[in-house]
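These notes are about the structure you will find just below.
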Amino acid sequence: MTNASHPFSLPAKLSPEHERVRDYWAGLKRGENKLPFADDVKLSALAGLQGRLVLVDVFDKPLRFRFNIIGSDISAWYSGDLAGKFVDEIEPKGPLGYFLAQASVTVEAAAPTYQQDGFTRLLVPLWGGGYVSALLGSIVRL
């Protein structure tokens, strides 16, 4: 799957972990809806990946992102617990380099995005309250 209409486009081939998250996300869509609803996400459905998953709350007007759930592998790679922190309050390093830019594009495009820079990261948008209200992501170390 390739989408060259925005920055952070998906590559032609995803890793098995990212593919599993993308397929799970696509399977949550109801009827003809373009995006699945945030309240349908159950991280337990992605058994074995929880350490590499992130769930981010999206706030509209002004656009801000807050880490809701962050996997243990990601916290270890980043060297700190980030749950409850806003993305603009942390240092963009390691597995979270360019995270703010990628999250913004994910919301604006209302489509999955991908980043590679020492880690690979997939973010997918989730709908709720009339806008993209959350992001589900997977991060894999290269």
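Name every residue in segment 104-114 that is polar (S, T, N, Q) and surrounded by fewer than 23 Cβ atoms within 10 Å (Cβ to Cβ), in order of residue number.
The one that is polar (S, T, N, Q) and surrounded by fewer than 23 Cβ atoms within 10 Å (Cβ to Cβ): S104.
Would you mind finding the one in L122, L126, L135, L100 that is farther than 15 Å from I69 by Cα, modelled with pLDDT of 95 or more and touching a Ser or Thr at 6+ places or on another chain (Cβ under 7 Å)?
L122
Based on what the data block shows, is V132 buried (at least 21 other Cβ atoms within 10 Å of the Cβ), in contact with a strand residue (DSSP E or B) (Cβ under 6 Å, 6 or more places away or on another chain) and β-branched (V, I, T)?
Working: buried (at least 21 other Cβ atoms within 10 Å of the Cβ): yes; in contact with a strand residue (DSSP E or B) (Cβ under 6 Å, 6 or more places away or on another chain): yes; β-branched (V, I, T): yes.
The answer is yes for V132.
Based on this model, can you work out whether S15 counts as in contact (Cβ under 8 Å) with a residue 60 or more places away in the chain and either more than 14 Å from P125 (Cα to Cα) or charged (D, E, K, R) (or both)?
When the stated conditions are applied, S15 passes them.
On the given criteria, is E108 out of contact with any helix residue (DSSP H, G or I) (no Cβ under 7 Å at 6 or more places or on another chain) and either assigned to a loop (DSSP other than H, G, I, E, B) or under 23 Å from L142 (Cβ atoms) (or both)? Explain how you work it out, then say what you get.
On the way: out of contact with any helix residue (DSSP H, G or I) (no Cβ under 7 Å at 6 or more places or on another chain): yes; either assigned to a loop (DSSP other than H, G, I, E, B) or under 23 Å from L142 (Cβ atoms) (or both): no.
The answer is no for E108.
Pairs only if they're at least six apart or on different chains, beta carbon under 6 angstrom, first in segment 110-136 and farther than 15 Å from Y24 by Cα, second outside any strand (DSSP E or B) and of a type in the set (D, E); list them, first residue then second.
Note: pairs meeting the criteria are Y131/D60.
In the set I74, I70, which member is β-branched (V, I, T) and touching a residue at least 24 places away in the same chain (Cβ under 8 Å)?
On inspection, the qualifying residue turns out to be I74.
I want to confirm something. Restricting to segment 50-67 and keeping residues that are without any contact (Cβ under 8 Å) to a residue 60 or more places away in the chain, under 17 Å from S104 (Cβ atoms) and not aromatic (F, W, Y), which single residue is surrounded by the most Cβ atoms within 10 Å (Cβ to Cβ)?
That would be R66.
The values are calculated or read from the model by the stated rules, or taken from the named source; none is laboratory data. Everything numeric here is computed off the predicted structure, so don't read it as measured data. Note that each Cβ is placed from the backbone with ideal geometry, even for glycine, and that neighbours are counted across all protein chains shown.
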